[in-house]
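Inspection log for the structure reproduced underneath, given as structure tokens.
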Amino acid sequence: MITDPRLALDLAGVKMQNPLIAASGCYGFGFDYIQWVDPREWGAIALKGITLEPRAGNPPPRLAETPSGLLNAIGLQNPGIAFFLKEIRPLLRELGCPAIANIAGESVDHYRELAAILDGLGEVSAVEVNISCPNVRCGGISFGRDPATVEKLVGAVRQVYRGPLIVKLSLEAGDIGAVARAAESAGADVLSLINTLKGMVIDIHSRRPFLGNITGGLSGPAIRPVAVRAVWEAAEAVSIPLIGMGGIASAEDALQFILAGASAVAVGTANFVNPHIAREINLGLQRYLDDKGLRHYSELVGAARRETDGR
Ligand SMILES: Cc1cc2nc3c(=O)[nH]c(=O)nc-3n(C[C@H](O)[C@H](O)[C@H](O)COP(=O)(O)O)c2cc1C
């Protein structure tokens, strides 16, 4: 485990040893990799998305590899909030790093109800509101597209949840700046971006879509330049901190997001290839700070924007 004060941060009240977050859906409820990786290698872990009721998810196949990417259509499979409270919540302190609950629903009321349940739970350091899942028929991305809907949904959650509130944005919104501003004005403390991008693969032998859900969400290095651009544009639009993600697999990748304006970065798909990714990225960040003679990585947040006057 790396403890280096040059990497520590306070993200809207979440105290993190380093700016790396395990991205939601790619790290289970924090214990999936525990045989190989000490969870404290992460600054925080975003847990798998939870809904009010258990969800079986989409029919298989749910994963397809693509060039430099992964297409998934899990469909928010999860055991539901009651199971989470009873079986998972009591274990979360054992992670030794902050746990971020990720919530999803099919209506504004679902989100509000989940957020109210999570309010005040000591084991949950923050709530991340997923308004950008492309793999569910109701809710998900349909909430994240329209600034007025985003404002309504985030406002409803803000009324009942007093802790650090992260809103996870969809790039499918088109105008990421407008959606980012809507979330900020409704009371989000932090924005995270990007979620996966909707795509599909066709099996030429069966002549059918490969995934059981027909479409899926693309993640991994294939989406990185798009994600860096999204962080750049969101940083222009809002003044709250950003968590950047999308294809991060090295310290160099993470630095691009930080230079674009991200205060923290999340790593999803790369965990499937390299479970030791958090440690490697943190070591790489330390080397970069050594090389450049910097006292804290936060000196780099948005530095590329300042170099170009945000152009
Ligand atoms: C298998 C899989 C499951 C995911 N599940 C969730 C989820 O439950 N909630 C969520 O907000 N994002 C979910 N995501 C999106 C990731 O958190 C992340 O935003 C996206 O994959 C981009 O980062 P990456 O390229 O590092 O994976 C999932 C991604 C993958 C690959």
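Restricting the first member to segment 93-117 and to residues that are assigned to a helix (DSSP H, G or I), and the second to residues that are of a type in the set (Lys, Arg), the beta-carbon pairs closer than 7 Å and six or more apart or on different chains are Val108/Lys152.
All conditions but one from (1) open to solvent by less than 40 Å² (accessible area, probe 1.4 Å); (2) touching a helix residue (DSSP H, G or I) at 6+ places or on another chain (Cβ under 6 Å); (3) not in a helix (DSSP H, G or I) apply to Leu211; the one that does not is (2).
Residue-by-condition table, conditions (1) part of a loop (DSSP other than H, G, I, E, B); (2) open to solvent by less than 30 Å² (accessible area, probe 1.4 Å):
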| site | (1), (2) |
| --- | --- |
| Thr3 | yes, no |
| Arg6 | yes, no |
| Asp10 | no, no |
| Asn18 | yes, yes |
| Tyr33 | yes, yes |
| Trp36 | yes, no |
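For segment 40-63, a tally of residues being over 30 Å from Arg6 (Cβ atoms) and not charged (D, E, K, R) returns 12.
Residue pairs whose Cβ atoms lie under 6 Å apart, sitting 6 or more positions apart in sequence or on different chains, and linking a residue in segment 200-225 that is acidic (Asp, Glu) to a partner that is at pLDDT 95 or above, are Asp203/Phe210.
Here segment 164-186 is the region considered, the condition is being part of a loop (DSSP other than H, G, I, E, B) and open to solvent by 20 Å² or more (accessible area, probe 1.4 Å), and the residue that is nearest to Leu11 (Cα to Cα) is Pro164.
Quick one: is Val108 open to solvent by 10 Å² or more (accessible area, probe 1.4 Å) and either of a type in the set (Asp, Glu) or within 27 Å of Gly246 (Cα to Cα) (or both)? Yes; evaluated as a whole, the condition is true for this residue. Within segment 266-291, the set of residues being within 9 Å of the ligand (Cβ to nearest atom) and either in contact with a strand residue (DSSP E or B) (Cβ under 8 Å, 6 or more places away or on another chain) or in contact (Cβ under 8 Å) with a residue 60 or more places away in the chain (or both) comprises Ala266, Val267, Gly268, Thr269, Asn271, Phe272.
The values are calculated or read from the model by the stated rules, or taken from the named source; none is laboratory data. Since the model is a prediction, treat every value here as computed from it, not as a measurement. For neighbour counting, all protein chains shown are included, and Cβ atoms are generated from backbone atoms with ideal geometry for every residue, glycine included. Ligands, DNA and RNA are stripped out before the accessible areas are found, and what is left, the full protein with its side chains, is counted by its heavy atoms. Shrake-Rupley method; radii C 1.70, N 1.55, O 1.52, S 1.80 Å.
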